[in-house]
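Remarks on the structure that follows.
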Amino acid sequence: MNAVFPGSFDPITSGHMDVLTRAAKMFGQVTVTVMHNARKQGRHLFTLDERLAILREATAHLPNVSVDSFGGLLVDYMAQQQEGIIIRGLRAVSDYEYELQIAHLNRQIGEVETVFIMAATRWSFVSSSMVREIASYGGDISEMVPRASAAALRRKHADVYAEREAEQRARTEG
Ligand code: PNS
């Protein structure tokens, strides 16, 4: 059976990677699909192409994982897939209410099943938005995201990281 792991992935985190790696052991093929909405494009730090490039690099070692994107309703995307199941990760009880609503709606409007995978507790506090926030100040996000995301975040905030590293060097030298 095949599965789809949908999300914004702005950018993919270690929590997403944990859920994805475990899903890849349970399903024959897993497609990580960036769901995008042209009208909401400006709300993201990374463009769709950047998010896809990060995902391709971060998942290159997983042979049964592929990367895709779709700009519409998830149920319409699922209708194009064969025997598709939606995978969503749950970090904490706080995720559950929102995810429960979406899972029920997707089953009602598209007869699609959702399977939840509990992210490892190690990542329960990690979200793309928090990682973006930390990186915007030049903070250390290297543990919270795969290498491809960390490199892309550092490139996005190259000036902030350079400034912070210069300050740190000055402190240790002075
Ligand atoms: O990573 P996110 O932002 O939590 O992912 C949410 C996502 C993209 C999976 C969800 O918003 C979605 O499926 N969007 C596509 C549009 C859609 O089908 N909306 C109806 C869900 S009720």
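A few comments on the model shown:
- The distance separating the Cα centre of the range 15-52 from that of the range 146-172 comes to 24 Å.
- Anisotropy class of the range 2-124 from Cα gyration tensor, a/c 1.5 cut: rounded
- In the chain, the calculated helix contribution to ellipticity at 222 nm averages -15000 deg cm²/dmol per residue, counting -39,500 (n - 2.57) for every DSSP H run with n ≥ 4.
- The slack in the chain from Arg155 to Met26, taken as 0.36 nm per residue of separation less the alpha-carbon distance, amounts to 43.0 nm.
- Ranked for footprinting exposure by Cβ neighbours inside 10 Å, fewest first, Glu143, Glu99 give Glu143, Glu99.
- Database remark: amide H of Gly89 closer than 5 angstrom to the amide H of Ile117 (H placed geometrically; neighbours at sequence offset of 5 or more, or on other chains; Pro and chain starts carry no H).
- Estimated FRET transfer efficiency when R0 is 25 angstrom, pair Leu100-Ser127 (beta carbons, to 0.05): 0.85
- Once exposed loop chymotrypsin sites (Phe, Trp or Tyr not before Pro) are cut out (DSSP; at most 15 other Cβ, 10 Å), longest piece of the chain: 1-124
- Sites Arg39 and Ala170, calculated FRET efficiency, Cβ-Cβ separation with R0 45 Å, nearest 0.05: 0.50
- Relative exposure of Ser14, Ser129, judged by other C-beta atoms within 10 Å (fewest first): Ser129, Ser14
- Amide H contacts under 5 Å for Val67: Val32, restricted to partners 5 or more places along the chain or on a different chain, H placed in the peptide plane at 1.01 Å from N.
- Label-to-label distance, nm, for residues given as Tyr137 and Ala120 (7 Å Cα→Cβ offset): 2.6
Bear in mind that the values in this text are calculations on the coordinates, not laboratory data. Keep in mind that what you see is a predicted model, and the values were worked out from it rather than measured. Every residue, glycine among them, receives a Cβ derived from its backbone with ideal geometry; neighbour counts consider all protein chains shown.
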